[in-house]
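Peer 1: The structure under discussion is supplied below as structure tokens; questions concerning it will follow.
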Protein chains: 2
Amino acid sequence: MKVRKLVIVGGVAGGASAAAKARRCSEEVEIVIFEKGSDISYANCGLPYYLSGVIEKRENLLITSAEFFRRRFRVDARTNCEVVQIDRKKKRLVVNNLASGVTEEESYDRLVLAPGSHPIIPPVPGVDLPFVSTLKTLEDTDRIFDFLKEKKPQRALVVGGGLIGVEAVENLALKGLQTTIVELAPQLLTFLDWEMAEKVRWHMLHKGVNIHLSEGLVFVGEQNGQGIVRTDQGREIPTDLVLIAVGIRPNVDLAKNAGLELGITGGIKVNEFMQTSDPDIFAAGDCIETINLVTGKPTLTPMGSAANKEGRAAGANALGRRVVVKGFTGTIIVKVFDLTVAKTGLSEREALAEGYSPLALYVDPSHLAGYYPGAKTLSIKTVTERDSGRLLGAQVIGEEGVDKRIDVLATAIYHHMSLEDLLHLDLAYAPPYSAARDPVVIAGAVGQNYYQGDWNPITPKEVREKMNSGEDVVLIDVRNRLELARQDPLPGAIHIPIDNLRREMHKLDPDKETILYCAQGLRSYLGNRILAMNGFKRVSTMSGGLDNWMYELKSADSS
Amino acid sequence: MKVRKLVIVGGVAGGASAAAKARRCSEEVEIVIFEKGSDISYANCGLPYYLSGVIEKRENLLITSAEFFRRRFRVDARTNCEVVQIDRKKKRLVVNNLASGVTEEESYDRLVLAPGSHPIIPPVPGVDLPFVSTLKTLEDTDRIFDFLKEKKPQRALVVGGGLIGVEAVENLALKGLQTTIVELAPQLLTFLDWEMAEKVRWHMLHKGVNIHLSEGLVFVGEQNGQGIVRTDQGREIPTDLVLIAVGIRPNVDLAKNAGLELGITGGIKVNEFMQTSDPDIFAAGDCIETINLVTGKPTLTPMGSAANKEGRAAGANALGRRVVVKGFTGTIIVKVFDLTVAKTGLSEREALAEGYSPLALYVDPSHLAGYYPGAKTLSIKTVTERDSGRLLGAQVIGEEGVDKRIDVLATAIYHHMSLEDLLHLDLAYAPPYSAARDPVVIAGAVGQNYYQGDWNPITPKEVREKMNSGEDVVLIDVRNRLELARQDPLPGAIHIPIDNLRREMHKLDPDKETILYCAQGLRSYLGNRILAMNGFKRVSTMSGGLDNWMYELKSADSS
């Protein structure tokens, strides 16, 4: 059948990509986009940065326009038009023109659904008050922008400590507002493991953000002319502005009502060609269910980068091509003040939930050669399938060079590389860009050392559990005196500087379980080797060192 | 046989890594390092940056010390000691103590050779004059540093436009010197393809560097109390300082005289365990021959990052371990003023020389979303095995984000990915780090478009050849009027802005060979689709657009 008319529902990332690609596949097909909002293809991911002024002009957010699509691609892009119904038998749509109020019908030969997602609004009294908003669309952003300009709020409270919440907080803080996060989970950024998320929390606290974890919003109201928020812990927080960023859900009502199959994640089910259960209907973007390339299982990937690929494939395939979207490794990155926080693949918690036996290792190398100015420490956590050695995921946090390492790791995970493969990568080295041992290569070497039996890692969490349960464990701090003065050793630890270990090890009992630690794990690894080769039977190294332990300690103090 | 004594020749990158790793493999083995220079493990790659003051203190260059190696690793590191002979039968070495002048003998059970490489000095009169130096060792650097301080030279001439030459020029220019490069090859940085190297040349010219290509040094002398350099083109260049950086050769005399096998590249031949033709002798670093992971053939990889891996493996394997070094993808990166210039795998020229039928494609995307402040253009050239689609190499030049993309590409090449695989990578996206379509993903999409027959790339070089040979070709410039005013169209090109192409294509002859171009190639790709789908039989797109062509033009003007 010749496709004479392609209709696309949604004109932001997925829809716009579909339209442009479809035109490159056929000069003859009629292409119509219906977009509910008033703009085509705006910079969704840039919205928080417009609030702070990092992105200076609103026009910069408008990547393209309906007029441009008409001119360049002969695409009839109709904004303020909401498709409310699909009649799959007749291949007709019901469209509400939100500007004129008129309802029209439209035919299609092939359809691409790219309606995106919508923010979840908790069912709490007061979320409809004028100082409460979501931050999802350009309309939301305009509203908040005007609110900031006119009302000059001093305080903002963000409900939700996920990607958007954290980005919103940073940009509002840059704008001079006193910010607070209320998050239901016991950590920020739940895609991270807890101890990695703690690094983010401490950085945000240091930047003056108030953070309340494990607290749910129960009420928003006004009191003595000022806004107030109440949590399920009984906390009352006065505020001038509330942003709701607790998550998003795929827009599937249209598909569902038309009888299209949904996946177990709640997204529209599509095959690798982005084709729904109706072969004439394709879908792309936040509304669909994708494949996690690590587990092979369905997931949601509500990212602009994913939507562009999916839209491109949907647009081509709707016109008879065979363009595949294999899936995603779950790569995420977010700027949090001076930190960059990134993840790809599975966290340790996710790996456990998937039934893997994960090996979690930490390294804390410098992003540049230590001798080059501006070198900063990276915190890298790798998660590996213990038996096979296959790399399952990685988390990287630091001030510089994080995005590079996460992209290398995402590429490795895409191709099912092992942890040890990282050692073999020939990564670019010159002093302005990396160290002779790149952090990713170090992670690979540390992994090879583990698999060759050269050390026995133990996580700070396991160490704390042993200490708390009163196990008979010898803890050895191998740092130097200066470091000890700056940061106390763990309770009960014996101090033996690494360079004295050979001299003093006769004082230790080689049959006792012995755990070594230093600041980050390099010296304790050497210590582990020294003791193991001198007949100590049960030696281990606290992975990531005291830098990792600190979060165990601090979290015990706080909350 | 129990290894009681391990001797290591050379104590910089490879040797120091070998020693530290060896100790972690055995507490009992006696480890001796003989280092010819006066320092252990200094920051070789940082030397140029110390000249300019980017690295402020000399002590920062000293990564570690003989004393540290003694204390931490119980390694007997003897500096100023040159090993001059190996008696493999008796397993004994002859060592000259350069400080005392005494010659000693030393036994070994296993030996690791890591003597590095030496700079090539062209056999030209005057290269031994006091204002002529190489820039290879800390001693060289100290000498130049003192020369800069005492003599306050105004002009420096660097012989050789490779990595070290270019780094030296940048750092001397930062120091305020007027700099000149004389290079024998017709381009700088010969690991790049010519047109990519031209981008570097133009940037350096713009920074005030004098560059003479295809010129060889024939004489260095003094005239009227000032230094003078003469080239084989008869050019005479007055200068105050001459740096020789024409390349390096592996130090293999010791190995050769001992009867160890050398490879065809001139480096010491080793297996994947870094073992030489004598099973008790291992080797690592600049002195060895490695494997190019793209071709599977021998190569030299004189990089600190390689030396560290090789040394680590050699140190372990000398003590009975089985640590493999697979080889290298040939990743190179260099800072050239505001540009970062990088390559991995094969250049187009190298691919041709290896007998591949390479497909060279160019993309010039923005390193960040265009709407985010600070977005800069990247120039990416991919080289692919045309039939199989396997990615063979990539070159990336730009102001920001180059190192990230080359490392992703190096990872892809390590794992024999295809060009199209790049499209599927789930690279980290948030506005401060990338664009929704990452440059690497764009390179993959452009490749997929090629393999799906959606466009027909032609290189600027091929276009010029067609124009010069007077072929009957229709050239169409699809840029807009504003761009045309800023930069003239190619001679004979017809101007049809992309958005008018559908309207005006009836004026064109669909049977004639038609070549479209724009600034970078995106719009001409759309034009290629439009014409091809409207019955034009021989349409192609100039890959990389006018930005690429410019180097064709400029090079025709200059030289």
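Taken together, the values in this text are just the output of simple stated rules run on the coordinates, not laboratory data. Remember, it's a predicted structure, so these values are computed and weren't measured experimentally. Cβ placement follows ideal geometry from the backbone for every residue including glycine, while neighbour counts extend to all protein chains displayed.
Peer 1: Return the percentage of antiparallel bridges among DSSP beta bridges fully within the range A:132-246, rounded to the nearest 5 %.
Peer 2: Rounded to the nearest five, the antiparallel share is 40 percent.
Peer 1: Determine the alpha carbon to alpha carbon distance for each of A:Lys149/A:Lys199; A:Lys326/B:Lys404; A:Lys21/A:Lys175 and list only those over 27 Å.
Peer 2: A:Lys149/A:Lys199; A:Lys21/A:Lys175
Peer 1: Provide the descending list of Cα extents for the range B:338-451 along its principal axes, expressed in whole angstroms.
Peer 2: Cα extents, longest axis first: 44, 29, 22 Å.
Peer 1: Which is farthest toward the positive dipole end of the protein assembly as shown among A:Gly374, B:Pro491, A:Ala168, measuring Cα position about the Cα centre, with Cβ charges +1 (Lys, Arg) and -1 (Asp, Glu)?
Peer 2: The residue sitting farthest along the positive end of the dipole is B:Pro491.
Peer 1: Then there's this: For peptide A:496-502, how many partner chain Cβ atoms fall within 10 Å of a residue's Cβ, on average?
Peer 2: 2
Peer 1: Can you check what the net charge comes to around A:Phe34, using other residues whose Cβ is under 11 Å from the Cβ of A:Phe34 (Lys, Arg +1; Asp, Glu -1)?
Peer 2: In short, -3.
Peer 1: Let me ask something additional. Given R₀ = 35 Å, FRET efficiency for B:Arg4-A:Glu399 by Cβ-Cβ distance, to 0.05?
Peer 2: Given R0 = 35 Å and the Cβ-Cβ separation, E is 0.15.
Peer 1: Under the rule of at least 5 residues apart or a separate chain, name every residue whose amide H is placed under 5 Å from the amide H of A:Thr541.
Peer 2: Close amide H contacts, sequence-distant or interchain: A:Asn456, A:Ile458, A:Leu516.
Peer 1: Still on this model: B:Gln154: net charge of surrounding residues, Cβ under 13 Å, Lys/Arg +1, Asp/Glu -1, itself excluded?
Peer 2: Charge balance near B:Gln154 sits at +3.
Peer 1: Sort out for me the Cα centre separation of the range B:57-121 from the range A:401-462, rounded to whole Å.
Peer 2: What the calculation gives is 30 Å, centre to centre.
Peer 1: Give the nm distances, rounded to one decimal, from B:Arg503 to the matching residue in every other copy, measuring between label points 7 Å along Cα toward the beta carbon; shortest first.
Peer 2: Reported distances to equivalent positions: 8.7 nm.
Peer 1: Going by C-beta contacts inside 10 Å, put A:Ile228, B:Ile144 in order with the fewest on the left.
Peer 2: Ranking A:Ile228, B:Ile144 by Cβ neighbours within 10 Å, fewest first, gives A:Ile228, B:Ile144.
Peer 1: Say each of A:Arg464 and B:Ala185 gets a label point 7 Å from the Cα, pointing the same way as Cα to Cβ; how far apart are those two points in nm?
Peer 2: 5.5 nm
Peer 1: Related question: Restrict the search to the range A:437-535; then list the GluC sites (Glu not before Pro) that DSSP places in a loop and that have at most 14 other Cβ atoms within 10 Å of their Cβ.
Peer 2: Answer by residue number: A:Glu471.
Peer 1: Which whole-number percentage describes the relative contact order of the range B:473-513, with Cα contacts under 8 Å and a sequence gap of 6 or more?
Peer 2: Computed over the range B:473-513, the figure is 48 percent.
Peer 1: If you place +1 on the Cβ of every Lys and Arg and -1 on the Cβ of every Asp and Glu, how big does the dipole about the Cα centre of the range B:132-246 come out, in debye to the nearest 20?
Peer 2: In debye, rounded to 20, the range B:132-246 gives about 320.
Peer 1: From the square roots a ≥ b ≥ c of the eigenvalues of the alpha-carbon gyration tensor of the protein assembly as shown, which class results: rounded (a/c under 1.5), prolate (a/b over b/c), or oblate?
Peer 2: oblate
Peer 1: Could you work out how far the C-alpha centroid of the range B:324-339 sits from that of the range B:198-238, in angstrom?
Peer 2: 27 Å
Peer 1: To continue, here is another question. Please order A:Val84, B:Val325, B:Val127 by the number of other Cβ within 10 Å, starting at the fewest.
Peer 2: A:Val84, B:Val127, B:Val325
Peer 1: Between B:Asp488 and A:Ser388, what is the label-to-label distance in nm when each label sits 7 Å out along the Cα-to-Cβ direction?
Peer 2: Using points 7 Å along Cα→Cβ, the separation is 6.1 nm.
Peer 1: Further question on the same structure: Shortest first, in nm, what separates the label point of B:Gly453 from those of the same position in the other copies (7 Å along Cα→Cβ)?
Peer 2: 5.8
Peer 1: Packing-wise, with mean Cβ within 10 Å as the measure, how do A:256-265, A:4-13 rank, highest first?
Peer 2: A:4-13, A:256-265
Peer 1: Please list A:166-173, A:150-157 highest first by mean number of surrounding beta-carbon atoms within 10 Å per residue.
Peer 2: A:166-173, A:150-157
Peer 1: How many partner chain Cβ atoms sit within 10 Å of a residue's Cβ in peptide B:417-425, on average, as a whole number?
Peer 2: 4
Peer 1: Separate question: Starting from the Cα of B:Arg70, step 7 Å along the direction of its Cβ; do the same at A:Ser38; then give the gap between the two resulting points in nm.
Peer 2: Simple spin-label model gives 7.8 nm for this pair.
Peer 1: Take the Cβ-Cβ distance between A:Arg92 and A:Gln223 as r, set R0 to 51 Å, and report the resulting FRET efficiency rounded to the nearest 0.05.
Peer 2: That pair, A:Arg92 with A:Gln223, gives E of 0.45.
Peer 1: Can you put A:Cys45, B:Cys287, A:Cys25 in order of Cβ neighbours within 10 angstrom, beginning with the fewest?
Peer 2: A:Cys25, A:Cys45, B:Cys287
Peer 1: Show that you can apply the helix-only estimate: for chain A, add -39,500 (n - 2.57) for every DSSP H stretch of four or more residues, divide by all residues, and state [θ] at 222 nm to the nearest 500.
Peer 2: After summing the helix terms and dividing by the residues of chain A, the value is -8500 deg cm²/dmol.
Peer 1: Check cross-link reach from A:Lys2 to the lysines: straight Cα distance under 16 Å, and skip same-chain residues fewer than eight apart.
Peer 2: By straight Cα distance, A:Lys2 reaches A:Lys91.
Peer 1: Hey, can you grab everything whose amide H is under 5 Å from the amide H of B:Val75? Only 5+ residues off in sequence or another chain; H modelled, so Pro and N-termini drop out.
Peer 2: Residues meeting the amide H criterion: B:Arg70.
Peer 1: Let me ask something additional. What does the charge add up to near B:Pro186, with Lys and Arg as +1, Asp and Glu as -1, over the other residues with Cβ less than 13 Å from its Cβ?
Peer 2: -3
Peer 1: Could you list which residues have their amide H under 5 Å from that of B:Val132, counting only those 5 or more apart in sequence or on another chain, with H placed in the peptide plane?
Peer 2: B:Val242
Peer 1: How shielded is B:401-410 by partner chains, expressed as the average number of their Cβ atoms within 10 Å of its Cβ atoms?
Peer 2: What the average comes to for B:401-410 is 6.
Peer 1: Could you tell me which of rounded, prolate or oblate describes chain A, using a ≥ b ≥ c as the square roots of the eigenvalues of the alpha-carbon gyration tensor, with rounded for a/c under 1.5 and, failing that, prolate when a/b is larger than b/c and oblate otherwise?
Peer 2: Taking the square roots of the gyration eigenvalues as a ≥ b ≥ c, chain A is prolate.
Peer 1: Ok, one more. Could you count how many Lys pairs in the range A:457-557 have their Cα atoms under 26 Å apart, skipping same-chain pairs fewer than 8 positions apart?
Peer 2: Here the count comes out as 9.
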